[in-house]
Amino acid sequence: MTSAHSKLYSDDVSLVVVVVDTNPFFWAGAALPFADFLSHLIHFVNSLLLLSNLNHVVIIAAGVSSCAYVFDSGNAYAGGTADVAETLGKASRKMEEFIKQDARETASNGTVADGGAASLFSGALSLALCYIQRIFRSGTRHPQPRILCLQGSPDGPEQYVAVMNSIFSAQRSMVPIDTCIVGTQDSAFLQQASYITGGVYMKPQELSGLFQYLAAVFATDLHSRTFLRLPKTLGVDFRASCFCHKKTIDMGYVCSVCLSIFCKYHKKCSTCGSEFSRVSMPDLNSLPDQRQ
Amino acid sequence: MYGVGVGGGGGGFNAPSTASGRRKNQEDDDDDEEEETGDGRVLEAWERAYADDRSWEALQEDESGLLRPIDTKNLVHSQYRRRLLLRSAAAAARIQKGLIRYLYIVIDLSKAASEMDYRPSRMAVVAKCAEAFIREFFDQNPLSHVGLVTIKDGISHRLTEIGGSPESQINALMGKLECSGDSSLQNALELVNGYLNQIPSYGHKEVLFLYSALNTCDPGDIMETIEKCKKSKVRCSVIGLAAEIFICKHLCEETGGSYTVALDESHFKELLLEHAPPSPAIAEYAAANLIKMGFPQRGAEDLISICSCHKKIKSGAEGYICPRCKVNVCELPTECRTCGLTLVSSPHLARSYHHLFPVAPFDEVTFKLGQKGGQNCFGCQQSLINTGGQSNIHVCCPKCKHHFCFDCDIYIHESLHNCPGCESQRSSSR
Ligand SMILES: [Zn+2]
Ligand SMILES: [Zn+2]
Ligand SMILES: [Zn+2]
Ligand SMILES: [Zn+2]
Ligand SMILES: [Zn+2]
Ligand SMILES: [Zn+2]
Ligand SMILES: [Zn+2]
């Protein structure tokens, strides 16, 4: 038997799955135009691939009505065309196609209000994790995976459970989720994602220098991160939101059957239907106090 | 050969050592003395060759008695489908996630744990499975607590305080894997009973023994101790690694626990993981409740205070602050030492929400040309045509109609708990 821990790849070879927010409601009013953002992103992807020819980059677009893979450097090279510029050009065309298709689906759907909707980050994260599992299955010698979210639009509260499921699964597989916020609002979901999975969360001050932020912070592989002082996630909002009003609370009532959170005392759980008995809680004095 | 000496009802406290010889590979190995020498023994030639690799277990007999390798991929997938169906049945029974269980895992590290009928040793198998168990336990019971106790040289010792953090428990266990001397059920019970008497009354008190030995060396009358456990409502369960022992069976019967004996490693793991969800008995017994809880935030970096749990000076960013009395605590979940409020973090509760909204089992389908989603797995983009030379069977989500490979199917239902197809759609997921 070979020694179990021998790796073909050195520890600085990475698989980076980039999740890109393509929400048209956000980009319509964004400080950084989408075309500029895309060129920052493509330079970043290009530099990742130039850092090591074993590096692997996948881009997943998160739209309002759909999610899709738009670029996979693994496929690009398999075809024999190793021209990076050409494959990336193809990626940006594919991205534009995706945005048009997504807009059509949004228009035909009719459930999206005019004010806009959140991007489907739960779907994009789920896809990214499935892809990473495939890389894990490919043998013991695989690049070190991580996820980078480029989010601009606000979180979708209705995705809470699905996003949290993705975060916990990423944590179990030891996949860090990095976040670079390209909008104006912090994301409580992705703050928690970075905190729980040990990734980096950052909201750049000056978006016109996005490439510099991406290259300086998010291009560093997991091994090198142990030697660097990257921005730390501070002040993570761990407060819960109640199921009844989606209000943020720091104290509340939790159903013992399903763990739903409520801000007020209820007689019956609206999630699982259990009826609560008020008496059963404490009979603290019934037990003899035997300490050893 | 499996099952000799198991379930045979070895009467008396000291059952005869019938355990070795249970395995096929030990059939003609009569020399029990050699087997039982503890540390520093030299490996037998056959053990050396198979110490890491039990290649014979990957073989099965076909109809004509010829050996052929087990088709592991299909086997894994069918095992998983069985688990999935079991789980949806359990979900229907509405098991309480919010039961607050206080469980001590007692690991027998007497010299019997060094026996090598489990590979590489009973002790190593117990540690490996205990790690998996602790993770699963916290997944199933996010508000519960686990502590570890070991028995060595007839003395029981508390390895970790009862707490809610899986990592610290696992680290402590991995650092203490040595075995020697005899085992003592009574000493362990006395110790655990003492600790469990300090917990709040709404908690369910449980002990789970992972017992390698076939005897117990007790300082006094164990029947009195069992009576004591029964009185203080400590539910004791035992998983034996050797053969059935009367006193263990008696203990479990008296205290309402379950007693099982493992046949081999995978059986042991299965038996152990059955203890992760709360037993139906206590799940029914406990009435539904609304529990008042606090969701503390991390303190600010520049806030220096003394934590209530260790009485040490900490900066605010290292701990959490009780929302009711503003006292500093180090770890969640916990109970505020000052005001008694149960403190949890909201991600901690969210860890079990997937049980509320499970992903429906996928349907098996065969590949047809021109279907929605093309020829790749929607999740991982792997081609669905000709995977590993097998027939083109894969699965399809009944809701979003996207197609997935077997590997993604397992990953989605066992770990991710989201359907990537449904989550990538606005219409059906909202
Ligand atoms: Zn509310
Ligand atoms: Zn409920
Ligand atoms: Zn689970
Ligand atoms: Zn402390
Ligand atoms: Zn308090
Ligand atoms: Zn797949
Ligand atoms: Zn689906």
(message) Taking the Cα centre as origin and putting +1 on Lys and Arg beta-carbons and -1 on Asp and Glu beta-carbons, what dipole magnitude results for segment A:12-225, to the nearest 20 debye?
(response) 600
(request) For helix A:188-197, report the angle its Cα long axis makes with the longest principal axis of the Cα atoms of chain A; keep it between 0 and 90° and round to the nearest 10°. (result) 80
(request) Quick one: net charge around residue B:160, please, counting Lys, Arg +1 and Asp, Glu -1 for every other residue with C-beta under 14 Å from its C-beta. (result) -2
(request) Count charges around residue B:225 for me, please; just the other residues with Cβ under 9 Å from its Cβ, Lys/Arg as +1, Asp/Glu as -1. (result) -4
(message) If you count only protein heavy atoms and use a 1.4 Å probe, how large is the accessible surface of residue B:310, to the nearest 10 Å²?
(response) 100
(request) Using a 1.4 Å probe and counting only protein heavy atoms, arrange A:155, A:178 so the residue with the most accessible area comes first. (result) A:155, A:178
(message) Could you compute the net charge surrounding residue A:62? Neighbours are other residues with a C-beta less than 11 Å from the C-beta of residue A:62; K and R count +1, D and E count -1.
(response) -3
(message) Checking the cross-link filter: which lysines have an alpha carbon closer than 22 Å to that of residue A:94, excluding same-chain neighbours under 8 positions apart?
(response) B:372
(message) Placing unit charges on C-beta atoms (Lys and Arg positive, Asp and Glu negative, everything else neutral), compute the dipole magnitude of segment A:219-266 about its Cα centre in debye, rounded to 20.
(response) 100
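The values are calculated or read from the model by the stated rules, or taken from the named source; none is laboratory data. What you see is a predicted model, and the numbers here were worked out from it, not measured in a lab. FYI the Cβ positions are ideal-geometry reconstructions off the backbone, even for glycines, and counts take in every protein chain you see. Calculation scope for accessible area: heavy atoms of the full protein, side chains included, ligands and nucleic acids excluded. Shrake-Rupley method; radii C 1.70, N 1.55, O 1.52, S 1.80 Å.
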